[in-house]
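The values are calculated or read from the model by the stated rules, or taken from the named source; none is laboratory data. Treat the numbers as computed from the prediction; the structure is a model and nothing was measured. Ligands, DNA and RNA are excluded from the accessible area calculation, which covers all protein heavy atoms including side chains. Shrake-Rupley method; radii C 1.70, N 1.55, O 1.52, S 1.80 Å.
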Amino acid sequence: QVQLVESGGGLAQAGGSLRLSCVASGITFSIFDMGWYRQAPGKQRESVATISRGGTTNYADSVKGRFTISRDNVKNTVYLQMKSLKPEDTAVYYCNSRRSVISYWGQGTQVTVSS
């Protein structure tokens with residue numbers, strides 16, 4: 001049974017920081033590309049940051065220079081370090097694992113940034 005469990009969300013002030021974690025089980029973590037996505041109320045889910053199994057990272061323009069994605073293949077965990085948070089970063093953040101056509105999602109964690 002595949003599980004992706006996110007944690008670390010919560011309430012932060014504008015300019016503050018949060019670190020999200022996603023622990024994966026039931027998959028061979030090291031061979032999956034991992035990513036963080038977010039969905040704000042009334043909006044479509046969007047990609048925030050991805051990291052390939054080889055460590056290549058990609059970021060949405062809106063978070064470049066503020067967010068950092070990383071992975072620990074020993075702990076089967078992917079992280080999203082978020083700094084200089086803005087109110088527009090408020091959303092439910094989802095962890096994703098992907099290999100070819102196989103894709104798994106976590107249940108999401110709420111991030112709320114107050115101005």
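A few notes on this one:
- Note that segment 65-111 presents 50 Å² accessible area per residue, ligands and nucleic acids not counted, probe 1.4 Å.
- Carbon-plus-sulfur accessible fraction, the chain (probe radius 1.4 Å, protein heavy atoms only): 47%.
- Highest-MSF residue in the chain out of Val74, Val63, Val48 [GNM, Cα springs under 10 Å]: Val74
- Radius of gyration and maximum dimension Dmax of the chain, Cα, Å: 13.3, 40
- Residue with peak Gaussian network fluctuation, the chain [Cα springs, cutoff 10 Å], from Gly16, Gly42, Gly26: Gly42
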